[in-house]
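*Asks:* Got a structure for you, questions after.
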Amino acid sequence: MEQLAVLPAALLKTYETVPGLYLVLSPELTVLTASDAYLAAQGLTRAEVKGRDFFGLFPQDPLIPFELGFSASLQRVLDTRQPHQLPLLRLELPDPDYKGNTVSRYWDITHTPFLDENGAIQYIIQYSFDVSNLISERKKVEQREKKIAASEKHLEFLLNAMPQQVWTATAHGIINYVNEICCRDFGQSLEELRGVGWQSFVHPDDLPACIRAWSYALGQNSEYSVEFRLRMADGQYKWHLGKAIPLIESGELKMWMGTNTNIDIQKSNEQRKDEFLAIASHELKTPLTSIKAFNQLMKRTNDPEKLHGFVEKSASNIFRLEQLITDLLDVTKINSGSMSFNKAEFNFNEIMQRAVDAVQAVSPDHELLLEHSIDLPYHGDLLRIEQVLINFLTNAVKYSPNGGKVLMKGKIQSDNIVVSVQDFGIGIAAFEMERLFDRYYRVDNEDLRYEGLGLGLFICSEILKAHQGSFWLESQLDAGSTFYFRLPLKEYAAVDCQVERHQFYKDDSLTVSYNKVNHRLDAYWTGFNNKETVQHGAMVMLGMLRANECSKILNDNRAVLGTWSDASEWVGEIWFPMIEKGGLTHFAWINSNDVFCQLSAKKSADLYIGNVDIQFFGEIQSAEDWINSK
Ligand code: ADP
C-alpha cells in the first residue's frame with residue numbers, strides 16, 4: 001500500500017480514464033490501478049484489482065512457454081529498464097453473439113517502464129491493444145491472395161495445356177502475355193516475344209491484310225479473325241487462324257485476348273482437294289467431250305464403216321469414263337471405311353493370265369508377257385487383286401508411250417507371293433519417288449500429260465493392305481520401272497524366336513545383339529516387314545537397350561525387302577520418343593537398296609520430334625565409324 005502513494009493521484013486518474021486497456025504496475029508487480037476500459041474488458045472492478053499482486057490476479061498460463069509469457073517479459077523490463085513487447089497473444093473468449101461458442105481474440109501487449117530521475121523504475125505500464133480485427137482482415141487478404149495465386153496458376157496451366165498459341169495484349173494492342181506454345185513455336189522467350197510483337201512472324205504477303213483487320217478491330221473494339229502464315233522456329237511458314245476478342249468492362253476496353261490455331265494441315269488438304277477436283281473435272285470432261293463429238297459424227301454419217309469406227313471410239317471413251325468413276329467411288333469407299341472384300345480361295349495363275357490377256361487386248365502397240373506365273377491357291381478377293389494386276393499393267397502400258405515389252409513375273413519369297421510388272425518406258429526420277437509415296441500424288445510431267453487421277457496406286461495399296469500386303473517399286477528415269485507387290489501366304493502368327501536374356505534375340509525379321517565391346521545394340525533386319533513385325537522387333541530393341549543401359553543402336557536395313565511404310569508413323573511418333581526416354585541418344589541407320597524401304601525410314605525420322613541423333617548411311621563401315629565416335 002505504501003507503494004501506491006509513490007504515484008500522484010492525478011497521474012493514476014489519467015491512466016484510469018484514458019481510452020485503451022492500461023494496467024499500472026509497481027516495480028514489485030503490484031497492480032496500482034487499471035483503466036476503465038481494461039476493467040470492462042476483464043469484467044473486474046477497480047477495487048478487485050488495486051493493490052493485488054499481478055500474478056496473484058493473473059496466474060501464468062501453464063500452456064504458454066515461460067519465455068513467451070508475462071513473467072519473462074516483466075522480468076526483462078525490470079532487468080533492462082527497456083520496454084518489451086510480448087508475442088501476439090491469442091485468447092479464446094466467449095462469443096457475445098452465439099452463446100456457447102468462442103471467438104479468437106488477438107492482443108498486442110507491451111510493458112513500458114517509467115523511470116525516476118535516478119533511473120530507477122517508478123512504475124510499469126502494461127498496454128494491451130486488441131488487434132483481432134486487424135488480424136482477421138489480414139487473414140482475409142491473405143486468403144484472397146492465395147486464391148488469386150491458385151487461380152492464376154490454374155489459368156496458366158490451362159493456357160499452356162491448350163494446343164493453340166494464346167496471347168493477351170493491352171488495350172492499345174501491345175502484347176503482354178504469351179503461352180508456352182507461342183514460345184515453342186517461335187523459339188523465343190516470353191520477354192523476347194513481348195519486345196518484338198507478332199507482326200515480325202507474319203508472312204510478308206499476309207501482313208497488309210492482317211494489319212488492316214487488326215487496326216479495324218482496335219478502332220472498333222470488335223472481334224478480329226484472320227488467316228495468315230506464321231514463321232515457325234524452323235523458318236517454315238504455317239497457316240494459322242488468328243482470332244482475338246476485346247475484354248470490355250463498364251464500356252471500357254481493358255485488354256485483348258487472342259488465339260492462333262494451326263490450320264496448316266486443313267489448308268493444304270483444302271488446296272489438295274481443290275487441285276484434285278480441278279484434275280478430276282478435267283479428266284471426266286475429256287472422254288465426255290470425245291463422246292459428244294463422236295455422237296455428232298454418228299448423226300451426220302451414212303457410211304456404215306465410218307459409223308462403226310465412231311461407235312468403237314465412243315465406246316472406248318465410255319469405258320474410260322466408267323473407269324474414272326469407279327476409281328472415284330473406290331476412293332470414297334476407302335475413305336469412309338466401307339470397302340468390303342469377298343475373300344475366297346482361287347488359283348493365282350488364273351488371274352495373272354486373265355489380267356495380261358485383258359490389258360493386251362486393248363494395247364496393240366505393246367507386247368505383254370507373263371514370264372513366271374504362280375500356280376498356287378490363294379485366299380483373297382479375286383476381283384480386287386485382279387484390279388491391282390490390271391492397274392500395274394495399264395500403268396506400265398500408259399507410261400511406256402513408245403510401245404515395247406511389259407513383263408509380268410511371279411515368285412514365292414519367304415512365304416510371300418511377290419509379283420513384279422516391268423516396263424521400259426519413261427521411268428520415274430528419284431526425287432519424284434518420295435512424292436509418289438504420298439497418297440493422291442501424281443508425278444508432274446511438264447512435257448507430256450498422261451490421263452489419270454493418281455488414284456490407281458492408292459486404291460491398289462489399300463487393297464494390298466487389306467490382304468496384309470504392300471507394294472513398292474524400282475525405277476530409272478527414261479529406262480523404265482518395275483512395280484512390285486507382295487501378298488503373304490500365311491497370316492501373321494506369333495513370332496518364333498531365339499532369346500538369350502537381354503544379350504541376343506532372333507526371329508524371322510530381326511536379329512539383335514548386345515555389342516559389349518562398343519556398348520551398343522546391333523540390329524539386323526531381314527526380309528519383308530510390316531507394322532506387326534516392326535512393332536514387335538522395335539519393342540524387343542527397347543527392352544534390350546534398357547536392360548543393358550546403352551544409348552546407341554546400329555540399325556542395319558540392308559537385307560530388308562520392299563516397303564514397311566505402314567509402320568513409319570508409329571516408329572517416328574511413338575517408338576523414337578519412347579526409346580529416347582529409355583536412354584537412346586544415337587541411331588545409325590544403314591539403308592536398304594530398296595527406295596521405298598529408304599522412304600519408310602526417312603518418313604519415320606521426319607516425323608520424330610526429339611533429341612536422338614539419327615543418321616543414315618549407305619554402307620556399314622561409315623555407320624560404325626560414326627556410332628563408335630559418339
Ligand atoms: P494414274 O491414274 O495417274 O496413272 P496411279 O495411281 O496409277 O495414277 O499412278 C500414280 C502415278 O505414278 C502416276 O501419275 C505416274 O506418275 C506414276 N506411275 C505409275 N506407274 C508408272 C509407270 N509404270 N511408269 C512411270 N510412272 C508411273
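The values are calculated or read from the model by the stated rules, or taken from the named source; none is laboratory data. Please read all numbers here as calculations on a predicted model, not as lab measurements. Cβ atoms come from the backbone with ideal geometry, glycine included; neighbour counts cover every protein chain shown. Note: areas computed on protein heavy atoms with side chains; ligands, DNA, RNA excluded. Shrake-Rupley method; radii C 1.70, N 1.55, O 1.52, S 1.80 Å.
*Asks:* In this structure, does N349 turn out to be surrounded by 18 or more Cβ atoms within 10 Å (Cβ to Cβ) and either under 29 Å from S400 (Cα atoms) or not polar (S, T, N, Q) (or both)?
*Replies:* The answer is no for N349.
*Asks:* Here is a further query. Any idea how many residues of the stretch 485-510 are within 17 Å of V560 (Cα to Cα) and either modelled with pLDDT of 95 or more or not hydroxyl-bearing (S, T, Y) (or both)?
*Replies:* Adding up the residues that qualify gives 8.
*Asks:* Residues of the stretch 487-535 being of a type in the set (D, E, K, R) and open to solvent by less than 40 Å² (accessible area, probe 1.4 Å), which ones?
*Replies:* Across the stretch 487-535, the qualifying residues are D507, R520, D522.
*Asks:* Here's another thing I want to ask about it. Considering every residue within the stretch 513-527, establish whether at least one is on the phi > 0 side of the Ramachandran plot and touching a residue at least 24 places away in the same chain (Cβ under 8 Å).
*Replies:* yes
*Asks:* Would you check if K267 is assigned to a helix (DSSP H, G or I) and open to solvent by 80 Å² or more (accessible area, probe 1.4 Å)? Before you say what the answer is, go through the steps one by one.
*Replies:* Working: assigned to a helix (DSSP H, G or I): yes; open to solvent by 80 Å² or more (accessible area, probe 1.4 Å): no.
No.
*Asks:* Something else now. So, in the stretch 453-486, how many residues would count as being surrounded by 18 or more Cβ atoms within 10 Å (Cβ to Cβ), in a loop (DSSP other than H, G, I, E, B) and either aromatic (F, W, Y) or more than 11 Å from the ligand (Cβ to nearest atom) (or both)?
*Replies:* Number of matching residues: 3.
*Asks:* Only one residue in V571, V540, V560 is surrounded by 22 or more Cβ atoms within 10 Å (Cβ to Cβ) and in a helix (DSSP H, G or I), so which one is that?
*Replies:* Step by step, each of V571, V540, V560 is checked, and only V571 is surrounded by 22 or more Cβ atoms within 10 Å (Cβ to Cβ) and in a helix (DSSP H, G or I).
*Asks:* Among the residues of the stretch 295-313, is there at least one that is open to solvent by 90 Å² or more (accessible area, probe 1.4 Å), in the same structural domain as L453 (by TED's automatic domain parsing) and at pLDDT 90 or above?
*Replies:* No, the conditions are met nowhere in the stretch 295-313.
Listed here are the residues, each with its yes/no results for (1) open to solvent by 40 Å² or more (accessible area, probe 1.4 Å); (2) under 19 Å from the mean Cα position of the chain (by Cα).
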residue	(1), (2)
E152	yes, no
A169	no, no
I181	no, yes
R184	yes, yes
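*Asks:* Another question, then. For the stretch 614-630, enumerate the residues that are assigned to a helix (DSSP H, G or I) and out of contact with any strand residue (DSSP E or B) (no Cβ under 7 Å at 6 or more places or on another chain).
*Replies:* Q621, S622, D625, N628
Residue-by-condition table, conditions (1) touching a residue at least 40 places away in the same chain (Cβ under 8 Å); (2) part of a helix (DSSP H, G or I); (3) in the same structural domain as A171 (by TED's automatic domain parsing):
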site: R194; (1), (2), (3): no, yes, yes
site: D205; (1), (2), (3): no, no, yes
site: A209; (1), (2), (3): no, yes, yes
site: W214; (1), (2), (3): yes, yes, yes
site: G219; (1), (2), (3): no, yes, yes
site: L230; (1), (2), (3): yes, no, yes
site: A233; (1), (2), (3): yes, no, yes
site: M255; (1), (2), (3): yes, no, yes
site: G258; (1), (2), (3): yes, no, yes
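*Asks:* Could you check the stretch 576-588 and list, in sequence order, the residues that are touching a residue at least 24 places away in the same chain (Cβ under 8 Å) and open to solvent by 10 Å² or more (accessible area, probe 1.4 Å)? Can you show your working first?
*Replies:* Of all residues in the stretch 576-588, those touching a residue at least 24 places away in the same chain (Cβ under 8 Å) come to 576-580, 582-588.
Within the stretch 576-588, P577, M578, E580, G582, G583, T585, H586 qualify.
*Asks:* Working only within the stretch 230-248, note down all residues that are of a type in the set (V, I, T) and under 19 Å from the mean Cα position of the chain (by Cα).
*Replies:* Within the stretch 230-248, none qualify.
*Asks:* Within the stretch 603-613, take every residue that is crowded, with 19+ Cβ neighbours inside 10 Å and not in a loop (DSSP other than H, G, I, E, B) and give me the one that is modelled with the highest pLDDT.
*Replies:* Checked the stretch 603-613; the qualifying residue modelled with the highest pLDDT is S604.
*Asks:* Would it be correct to say that L368 is in the same structural domain as L436 (by TED's automatic domain parsing), farther than 18 Å from I459 by Cα, surrounded by 21 or more Cβ atoms within 10 Å (Cβ to Cβ) and over 47 Å from the mean Cα position of the chain (by Cα)?
*Replies:* Here the answer is yes, as L368 does meet what is asked.
*Asks:* Which residues, counting only those in the stretch 336-346, are surrounded by 12 or more Cβ atoms within 10 Å (Cβ to Cβ) and outside any strand (DSSP E or B)? Talk me through it step by step, then tell me what you get.
*Replies:* To start, the set of residues in the stretch 336-346 that are surrounded by 12 or more Cβ atoms within 10 Å (Cβ to Cβ) comprises 339, 341, 343, 346.
Correct list: M339, F341, K343.
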